[in-house]
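The values are calculated or read from the model by the stated rules, or taken from the named source; none is laboratory data. This structure is a prediction, so every number in the text was calculated from the model and none was measured. Cβ placement follows ideal geometry from the backbone for every residue including glycine, while neighbour counts extend to all protein chains displayed.
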Amino acid sequence: MNSYDYVIVGAGVAAAAAAAAIREKDAKGSLAIIGREDDGPFYRPDLSKTLWLDENAGLDNGWLLDDQIGADLLTGTSVTAIDTEARTLTLSDTRTLTYGQLLLATGAEPRTLDLPDSPRILTYRTVADYRRLRELANSGTRAVVVGGGYIGAEISAALRQNEVGVTLIMPGTSVQGSMFPADLAAEVTRTYRERGVKMVTGTRVTGARTEGDTVTVSTDQGTAHTADVVVIGAGVVPNDQVARLAGITVDDGIVVDARLATSAPHVWAAGDVARYPDALLGMRRVEHVDNAEHQGTVAGRNMATAQTGSGEPESYTYTPIFWSDLFDYGYEAVGEHSAQADTTEDFSADRSSGVVYYAHEDHVRGVLLWNVWDSTDKAKAVIEQTAVEPRSGDELRGSIDLG
């Protein structure tokens with residue numbers, strides 16, 4: 001087919017959620033999902049968590065697109081141009097598609113470093129990345145991970161728990177130091193060392209060379225580190241280029257309103273690429289799966305409402321959460337988390353559990369729940385309450401039960 005009632009660009013979590021939501025309201029409308037990767041929608045958190053930590057887990061458990069959805073899945077291709085007046089898409093294979101409603105769920109792209117093109121140097125985001133890393137990182141092999149942020153911290157811990165020798169190179173001095181308060185970051189970093197991760201801090205990777213089956217990376221400190229594989233975890237940037245070229249409003253992502261509609265008619269955006277008005281925190285862009293799932297669902301419903309002319313559009317009023325596992329630590333979090341914010345720590349006496357509040361002028365903007373579970377709704381309530389009635393650090397302590 002060259003003409004569809006619904007086209008979704010991007011084949012990730014938001015796309016799968018949108019497709020399911022469309023089918024809730026329109027069982028027969030034609031639907032296409034376009035993905036640059038060769039694989040269809042997959043539950044990405046498993047790539048750095050469950051697939052490494054649960055010996056019974058496998059890729060078969062993570063695919064998201066139900067065959068009963070009845071979508072044409074066009075993989076290994078990308079959109080090079082959008083004509084929002086003609087409602088057409090041009091694909092990298094030169095095909096042209098016509099759409100009734102269009103969802104841009106193009107996600108985010110990993111930042112790369114100026115390093116040689118090598119199958120042993122990879123970013124980490126896709127199923128193909130997982131397959132490649134599984135091939136190269138076995139018990140007794142060596143890995144260099146670049147970056148101590150979210151993905152670098154997770155994959156370092158996952159590899160080490162699979163008996164891979166890990167060297168973690170990062171510009172800061174502590175694991176997730178841009179997010180955690182200093183004491184907590186230092187505690188986590190000590191644990192990484194105790195668990196056998198070689199920490200190389202306060203430095204950046206400046207180059208690499210391959211020799212046979214190894215890669216040696218060099219740093220601005222003049223040190224060199226040799227491994228079987230190098231994983232770059234330097235963050236991501238929103239994939240909003242094709243929207244910008246189409247004249248759709250972008251600003252660190254594709255700007256949408258509360259309905260997830262873009263500045264172009266019949267065009268919507270959801271997931272990592274969408275900059276949206278959060279009901280609690282204002283305009284923001286969130287790069288986590290919980291947001292992709294919920295936004296995809298609302299976008300899909302609104303697309304079907306617009307296409308069929310039945311019902312009223314709904315607003316996206318959900319504030320998403322995210323979570324991570326780092327060796328024996330686990331956390332859930334809501335909102336904005338910067339170590340530069342005014343932080344209030346409320347930990348148990350043995351520091352086995354705790355809550356960190358991130359505030360600006362006594363208005364809480366984010367909450368970190370450290371080994372504290374089933375409390376994200378309470379965290380959102382604190383954010384909502386302090387937007388109206390600011391609280392000092394002393395007043396915040398005890399707001400959430402440590403369990």
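Does segment 304-317 contain at least one residue that is farther than 30 Å from Ala15 by Cβ, in contact (Cβ under 8 Å) with a residue 12 or more places away in the chain and of a type in the set (Phe, Trp, Tyr)?
Looking for residues that are farther than 30 Å from Ala15 by Cβ, in contact (Cβ under 8 Å) with a residue 12 or more places away in the chain and of a type in the set (Phe, Trp, Tyr), one finds none in segment 304-317, hence no.
Tell me, which strands (runs of 3 or more DSSP E) wholly within segment 68-138 include 2 or more residues that are among the aliphatic types (A, V, I, L, M), modelled with pLDDT of 95 or more and surrounded by 13 or more Cβ atoms within 10 Å (Cβ to Cβ)?
Per the criteria, 72-75, 79-83, 88-91, 96-104, 121-123.
For segment 348-403, enumerate the residues that are among the polar types (S, T, N, Q) and touching a helix residue (DSSP H, G or I) at 6+ places or on another chain (Cβ under 7 Å).
The one that is among the polar types (S, T, N, Q) and touching a helix residue (DSSP H, G or I) at 6+ places or on another chain (Cβ under 7 Å): Ser399.
Mind listing whichever residues of segment 144-197 are in a loop (DSSP other than H, G, I, E, B), β-branched (Val, Ile, Thr) and under 22 Å from the mean Cα position of the chain (by Cα)?
Selection gives Val175 alone.
Here is a yes/no grid of residues against (1) part of a strand (DSSP E or B); (2) of a type in the set (A, V, I, L, M, F, W, C); (3) modelled with pLDDT under 95; (4) under 23 Å from the mean Cα position of the chain (by Cα):
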residue	(1), (2), (3), (4)
Val237	yes, yes, no, yes
Gly247	no, no, no, no
Glu293	no, no, no, yes
Gly296	no, no, no, yes
Ala299	no, yes, no, yes
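Every residue, every condition in (1) assigned to a strand (DSSP E or B); (2) touching a Ser or Thr at 6+ places or on another chain (Cβ under 9 Å), yes or no:
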site	(1), (2)
Ala333	yes, yes
His337	no, yes
Thr344	yes, yes
Val356	yes, yes
Arg365	yes, yes
Leu369	yes, yes
Asp374	no, no
Gly398	no, no
Gly403	no, yes
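Would you mention how many residues in segment 30-54 are out of contact with any strand residue (DSSP E or B) (no Cβ under 8 Å at 6 or more places or on another chain) and acidic (Asp, Glu)?
The qualifying residues number 2.
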